[in-house]
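One structure below.
All of the numbers you see were taken from the coordinates with simple rules; none came from a lab. Here the structure is a predicted model, which is why all the values come from computation and not from measurement. Heads up, the Cβs are rebuilt from the backbone with ideal geometry, glycines too, and the neighbour counts pull from every protein chain shown.
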Amino acid sequence: LEEKASLCSGETAWSTKAITRLGIPSIFMTDGPHGLRKAEGFDFTNSVPSTCFPTASALASSWNPALAQKMGEALGSESQANDVQILLGPGVNMKRSPLGGRNFEYFSEDPVLAGKIAIGFINGVQSQGVGTSMKHFAANSQEAERMSNSSNVDERTLNEIYFPAFEMAVKEAQPWTVMCSYNKLNGTYASENSYLLNQMLKEKWGLQGFVVSDWGAVNERALGVGAGLHLEMPASGGFNDKKIVEAVKKGTLAEARLDEIVTDLLTITLKAKDSHKKGIVVDKVKHNELARQVSGECIVLLKNDNAILPLKSALKKIAIVGDFAKNPRYQGAGSSQVRPTQIVNALNELQKMAKGTQFSFSTGYNTAGETDDAKIAEAVQNAKNSELVIVFAGLPDSYESEGFDRNNMDLPAGHNKLISEVAKVNKNIVVVLMNGAAVSMPWKNDVAAIVEAYLGGQAGGGAIADVLTGKVNPSGKLSETFPAHLEDTPTAMDFPSKDGNANYGEGIFIGYRYYDKKKIEPNFPFGYGLSYTS
Ligand code: BGC
């Protein structure tokens, strides 16, 4: 009994427990959707370098499941090369509002598109003998108070909007694991929600793999086993394993139920062991080329007056304005952030590709997105002296991340001002956007072209150059609405929404997780497996 219970939680931050006596191996999981973030514990400063592909909002704009599959294959082989058995992705939650902090990590507001891209991704990764963890099940469409808030959704809406991507992917691609979300659904934590885990995932859709908790999402562990949560991550130092044993001994949890849970866990664990491939070496150059190709297919041409793009080879002088041209924003912040193998910037690539054109660069704004009179004056002068201006703008890291939602759809004021000012002195303005989610564009009528490049991964700068020069056709199509005004969105009055149960202030945060003080149990090993406890 103790051994079976022990298999229901991790050994460390990322691995499961082995039982040597029985030949049961440990498996290793790592984030996360667009690259590998393999590290010891929670210190990611030295995570293994891995190819950073475009994030989910970009990938979905390709509308190309076969491309997602190709990217998945590359991620799978990088996982094999790094001895990772499960890659924690894809994220398929619906975008409920353009302000969702993790929209960059999710595919779409459209259930079918999200489902199709997820199927391609999962098939790609799993074709390499590596599992996926489709996340975050379910209705986890906002970051604010994500660990205590309840998403209150009626059944029809769940089945028509929030479930279909998960359902399609379970039925058609069988992810080895599904990750349950932090939030409650209609008042019950996803991690102990039998309707979600037992009824929908297992019984109705036929998930063969196991359910893993989002990191720290477990509430009452024994209830979770009953409800269909197989694995608690990260480790809880044996504390919750004891709860499972106690519940079985007390008769509140049937041992036969625990057996089912452990059987599912072992099925995938042994599958992972059997699928392990030795000696895989990643061709980093090839994967960088693939990342560039994927990124190119994700770019959306939002506007192109007078066919100003592609750039004409006759152009002698082009002004490149905006720090993102040199220091691109190419991925989002939070658990999905990987250490890329290299970073390609658009300025260098344009210089390489359009040899007959002179490109003069003005930084335009600082890393926080702020500008000042001197930066504006320099950019304006540069624009005056050039035949055409390409302004790089978007959202800095601090604007969108896991853990919080945005307050509005605005670009930094510095970016907006920069675009407006250069547009006063040059009619040939091309704006290239690097952002993970919908933004407002108050200057849209003042510029000739708008290229939505999203968070294009480490080779995104090259893909932008490919599109601007006409080497690649910008065939991407938006996978989410860009509302003209936030007020036009159905959730404008209620996002992020509060169900009234969130009780921050009466509890504490340990690592990822919020603990309600009233429910803290004596001796719980807070922060076990975490490198910090704050
Ligand atoms: C995120 C998951 C991630 C996990 C492990 C959580 O905070 O919500 O998406 O896979 O951490 O890093």
Q.
Suppose a student asked you for the relative contact order of the chain, using Cα pairs under 8 Å spaced at least 6 residues apart; what percent would you report?
A. 20
Q. To the nearest 0.05, how large is the calculated FRET efficiency for ALA484 and LYS171 if R₀ is 35 Å and r is the Cβ-Cβ distance?
A. 0.40
Q) When the Karplus curve 6.51 cos²θ - 1.76 cosθ + 1.60 is applied with θ = phi - 60°, which whole-Hz ³J(HN,Hα) does each residue of region 228-234 get, with x for Gly and Pro? A) x, 8, 7, 10, 9, 10, x
Q. In degrees, nearest 10, range 0 to 90: what is the angle between the Cα axis of helix 164-173 and the longest Cα principal axis of the chain?
A. 70
Q. Which far-off residues, 5 or more places away or on another chain, put their amide H under 5 Å from the one on GLY91, with H placed in the peptide plane?
A. LYS135
Q) Once both axes come from the Cα atoms, what is the angle between helix 239-250 and the longest principal axis of the chain, in degrees from 0 to 90, rounded to 10? A) 40
Q. What is the sum of charges around PRO474, taking Lys and Arg as +1, Asp and Glu as -1, for the other residues whose C-beta is under 12 Å from the C-beta of PRO474?
A. 0
Q: Taking amide H positions as placed in the peptide plane 1.01 Å from N, state which residues far from LYS303 in sequence (5 or more) or on other chains have amide H under 5 Å from it.
A: ILE450
Q.
Between 0 and 90 degrees, rounded to the nearest ten: what's the tilt of helix 284-298 against the longest Cα principal axis of the chain?
A. 70
Q | Extension gain from ALA66 to ALA307, taking 0.36 nm per residue of separation minus the Cα-Cα distance | A | 83.8 nm
Q | Rg/Rg_ref, the chain, where Rg_ref = 2.2 N^0.38 Å and atoms are Cα | A | 1.00
Q: Report the trypsin sites (Lys or Arg not before Pro) located in region 207-301 that are in a DSSP loop and have at most 10 other Cβ atoms inside 10 Å of their Cβ, or state none.
A: LYS278
Q. What is the spin-label model distance, in nm, from ALA144 to GLU203 if the labels are put 7 Å beyond Cα along the C-beta direction?
A. 3.6
Q. For the peptides 99-112, 156-169, 206-219, what is the packing order when you average, over each peptide's residues, the other Cβ atoms within 10 Å and list the highest mean first?
A. 99-112, 206-219, 156-169
